[in-house]
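Right, one structure below, let's go through it.
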Amino acid sequence: MKKLSHFGKGSEISMVDVSAKATTVRKASARGFVRLSKPVLEQVRRRKTPKGDPLEIARIAGIAAAKRTSEWIPLCHPLPITHIDVIATLCQNGVEVTSSVTAAAQTGVEMEALVAVAAAALTVYDMCKALDKSIEITDIYLVEKTGGKSGDYRRKTQRTK
């Protein structure tokens, strides 16, 4: 069984030392969902929420958050991200948020992809909360990652919208 990487000798917590690892291209993508009521969904569809277009603001928020992941997650390394894409798509019962992050680095970008989705989903909530406070953020998960010592990962099943 693999061990948790953020524990040093004994049980003290430490940032993983990646200085000996090779710099390689690493990519990760993540997904999340924001469940909206029909009336809110219609407002979003018309881009008529009290604060403006939630899909575009969510996209920008996700990109900005991914770049600051090491400030959100205490033991995350700051990475030289070379590309971030966040897409917020209207669906039948909400908004699907996806992200894709790339970096040439010594450690992976999984957390950056997940933070991008989380921030974008929270932004949809913030943009729509004046209309309905019962909005749900669900199913945030890593879809795939490539590069690095641990190899590639692709989630076997994805939840449907």
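Residue count for segment 96-119 satisfying the condition of being in contact with a Ser or Thr (Cβ under 7 Å, 6 or more places away or on another chain) and under 24 Å from residue 50 (Cβ atoms): 2.
Residues in segment 136-161 that are open to solvent by less than 80 Å² (accessible area, probe 1.4 Å) and in a loop (DSSP other than H, G, I, E, B): 147, 148, 151, 155. Quick check, is residue 28 touching a Pro at 6+ places or on another chain (Cβ under 9 Å), closer than 22 Å to residue 141 by Cβ and in contact (Cβ under 8 Å) with a residue 12 or more places away in the chain? In short, no.
The values are calculated or read from the model by the stated rules, or taken from the named source; none is laboratory data. Remember, it's a predicted structure, so these values are computed and weren't measured experimentally. Because the Cβ atoms are built from the backbone with ideal geometry, glycine has one as well, and the counts that use them run over all protein chains shown. These accessible areas exclude ligands, DNA and RNA; they are computed on the full protein's heavy atoms, side chains included. Shrake-Rupley method; radii C 1.70, N 1.55, O 1.52, S 1.80 Å.
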